[in-house]
Structure formats: structure tokens, C-alpha cells
Amino acid sequence: MGYNFLLIVEHILMMLPHKARKIFFTFLAFIGYKTSKKYRRIVKQNLNYAFDNAMSGEEIEKITRYSFKNLLYNFLYLMEMRHLSKEEIGNSITIENKEEVDRIHKEGRAVIYTTPHYCAWELGAAGLALHVENIAPVYKKLKNRVYEKWLLDARARFGNTNLEKTNVVKPLIRLIKQGKASGILIDTNINEREGVMVKFMGKPLRMTSTPAYLARKFNAAIVPIHIRTDDEENYTIIIADEIKINKTEDEKEDIQKATQAQADWLTSIIRKEPKFWFWLHRRWKNDKPEIYY
């Protein structure tokens, strides 16, 4: 019943022009901003901690409003990905530094794309499938199975496959051995067993070590990517240069350094354009829970 209702709403919205859909989701974001005191507070707590209380109240409010809008726009992109053609989606996305991926594949190596919840992250995965190569993004199982089905169908429409996070290492290894690409989010909250401590935004934080472990063991390439926009209509996927990983006798240190390099990359893009990151998430809740008073 819930899924059918979602499809009815989706059908009605997709009968409207893109501009009207965008206005509708902008309005939903405004309502979310106004009614969600809890998440407005989380954004402020994150920003004050990450930027050492140096950000003005005006800038915090601006980023908070944008965070709600950006989240709702990702819902819009998912909906449109379920219905629009490859050309309609692909023509709005350009790729920067694709030659880095081409170089890696010429060496016969698989790519592990590492990426954050940043700007239009749902379009980012679709854009890779349309312009570079199909990937297998790792996702965390959702409590709402109705929404999960809707979301995964959208993500898979252009050739990507979905890998659920539970016991995902063996499927990732199989992909690497086949020369196929995977995608791993590096900005989600994780427990002590899943990662290593790094400096992120100048603060201690636990980050997933899976990309570094797999790249080191199976000679894959860690390639950070993110997507950004100037007008919320045209997007650019920026492919960073490969993060090299050492293979010394000290495996732990090799993994630590490669994971820290990913944290440094993520810090740099957030400091450059902080509004695009997903500040609504309590990223430090395990490592610094006291900031979420």
C-alpha cells in the first residue's frame, strides 16, 4: 500500500515540468527547515565543531537552509532518474579528469571510487555509469523497506548494481578481481571495528579503512570523486588523482596513511565549498558525542 502510494505521487509529479517539480521540492525543503528544530541544531553543532566556532550565524543559517534543500533535491534527482532517458540525465553532467580512470584501466587495475554525501551524490553515481563505467555502490540497509526498493531501483536504472553493506568485503573482492568498479562512501558514521582514526576537518574521527585494505591487497586504485554545481541544473563530476598506497612490511601503517589521504581530500573539498556537504548527519556521534547536546 505504501509503495503504491509513493508511485502514485511520483507519477503525478513526473507529469509536471522539471521546473515545477523543482519548485515543489524547494517548498518541501523550506517546510523541513522550518519545522525541524532538531536537525537545524545538528547542522549548527557540526559547523561550530568543524570550523572551531569561527563561522558567523548568518553563514550557518545559509548553509543550514541549503542542507535541507540539497537533501530534497537528491530525492528529486532519484525520481527523475527513474523516468528520464540516459540522454536527459547524462546531458546535465560533465566529467573532469576521466583520463585518470582510463590510465588505471590500461594498467589492468580495478577502481574503488571513494566519495562523500556531497552536493548531488545520487546524480554522481548515475553520471559515472553514463559517462565513465558502471559501478557497484555499497549501501546501508534502510529500516523503511518501501523507500529502499524505490531508491535502489533508481540507482540501478543506468547499469549500476547495489551492494548491501553487511558482509560486503567478499563481493567487493570478486569485483576487483573481475576488473570492475565499486563505490564506497567515506563520510558515514562507523563503529570502532570498521575503521581507523584519522584527522578530518582537523578533528579526530574514525573513517572506513576498507578502500585502503582492498587497494593494498588486490592492487586496485583508490580514486576519490565528488560532484558539484554552480546553478543546480548542470553538474560536474570531478575525478581526483589516484591515492597511492604503499605496500611495505607494515600493513597497518600503509592502510592508515592511505585512509588519512582520503580524509585530507575530503577536508579540502568541504573547506572550499562547505554548503555542499551533508551537515544534517551526526558524523561525530561515536567519536565526539558531547557536541550533540
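The values are calculated or read from the model by the stated rules, or taken from the named source; none is laboratory data. Since we're looking at a predicted model, the values are computed, not measured. Cβ placement follows ideal geometry from the backbone for every residue including glycine, while neighbour counts extend to all protein chains displayed.
Since TYR113 meets every condition but one in (1) hydroxyl-bearing (Ser, Thr, Tyr); (2) farther than 23 Å from TYR235 by Cβ; (3) buried (at least 21 other Cβ atoms within 10 Å of the Cβ), which condition does it not meet?
For TYR113, the exception is condition (2).
Report every pair of residues separated by at least 6 positions or lying on different chains whose Cβ atoms are under 6 Å apart, first residue within region 209-236 and at pLDDT 95 or above, second surrounded by fewer than 24 Cβ atoms within 10 Å (Cβ to Cβ) and among the acidic types (Asp, Glu).
ARG216/ASP254; ALA221/GLU242; VAL223/GLU242; THR236/GLU96
Would you tally the residues in region 105-131 being closer than 21 Å to ILE243 by Cα, in a helix (DSSP H, G or I) and not aromatic (Phe, Trp, Tyr)?
5
Given the criteria modelled with pLDDT of 95 or more, closer than 21 Å to TRP265 by Cβ and out of contact with any Asp or Glu (no Cβ under 7 Å at 6 or more places or on another chain), does PHE200 qualify?
yes
Quick check on this structure: which one of ARG21, ARG82, ARG41 is of a type outside the set (A, V, I, L, M, F, W, C), free of Cβ contacts under 8 Å to residues at least 60 places away in the same chain and touching a helix residue (DSSP H, G or I) at 6+ places or on another chain (Cβ under 9 Å)?
The conditions single out ARG21.
For region 9-63, enumerate the residues that are touching a Leu at 6+ places or on another chain (Cβ under 8 Å) and closer than 12 Å to LEU76 by Cβ.
The answer is ARG21, LYS22, PHE24, PHE25, THR26, LEU28, ALA29.
Just checking, how many residues over region 163-190 are touching a residue at least 24 places away in the same chain (Cβ under 8 Å) and either assigned to a strand (DSSP E or B) or of a type in the set (S, T, N, Q) (or both)?
11
Give ARG145, ARG155 a once-over and let me know the one that is over 21 Å from ARG109 (Cβ atoms) and in contact with a Leu (Cβ under 8 Å, 6 or more places away or on another chain).
The match here is ARG155.
Mind checking whether some residue in region 245-267 is under 22 Å from LYS98 (Cα atoms), touching a Lys or Arg at 6+ places or on another chain (Cβ under 6 Å) and of a type in the set (A, V, I, L, M)?
Yes, there is a match, as at least one residue in region 245-267 is under 22 Å from LYS98 (Cα atoms), touching a Lys or Arg at 6+ places or on another chain (Cβ under 6 Å) and of a type in the set (A, V, I, L, M).
Within 19 Å of TRP277 (Cβ to Cβ), touching a Lys or Arg at 6+ places or on another chain (Cβ under 9 Å) and modelled with pLDDT of 95 or more: which single residue out of PRO116, PRO137 fits that description?
Checking each option against the conditions leaves just PRO137.
Looking only at region 84-109, which residues are of a type outside the set (S, T, N, Q) and under 22 Å from ILE176 (Cβ atoms)?
Selection gives LYS98, GLU99, GLU100, VAL101, ASP102, ARG103, ILE104, HIS105, LYS106, GLU107, GLY108, ARG109.
If we scan region 239-246, do we find a residue that is part of a loop (DSSP other than H, G, I, E, B) and modelled with pLDDT under 95?
Checked against the condition, which is being part of a loop (DSSP other than H, G, I, E, B) and modelled with pLDDT under 95, region 239-246 yields at least one hit.
Conditions: (1) in contact with a helix residue (DSSP H, G or I) (Cβ under 9 Å, 6 or more places away or on another chain); (2) closer than 30 Å to SER36 by Cβ; (3) free of Cβ contacts under 8 Å to residues at least 24 places away in the same chain; (4) in a helix (DSSP H, G or I). LEU152 meets all but one. Number of the miss?
LEU152 satisfies all of (1) in contact with a helix residue (DSSP H, G or I) (Cβ under 9 Å, 6 or more places away or on another chain); (2) closer than 30 Å to SER36 by Cβ; (3) free of Cβ contacts under 8 Å to residues at least 24 places away in the same chain; (4) in a helix (DSSP H, G or I) except (1).
Just to be sure, is TYR3 at pLDDT 95 or above and farther than 30 Å from HIS131 by Cβ?
Against the criterion (at pLDDT 95 or above and farther than 30 Å from HIS131 by Cβ), TYR3 does not qualify.
Could you go through region 50-70 and let me know if any residue there is touching a Cys at 6+ places or on another chain (Cβ under 9 Å), touching a residue at least 24 places away in the same chain (Cβ under 8 Å) and not acidic (Asp, Glu).
Yes, some residue in region 50-70 is touching a Cys at 6+ places or on another chain (Cβ under 9 Å), touching a residue at least 24 places away in the same chain (Cβ under 8 Å) and not acidic (Asp, Glu).
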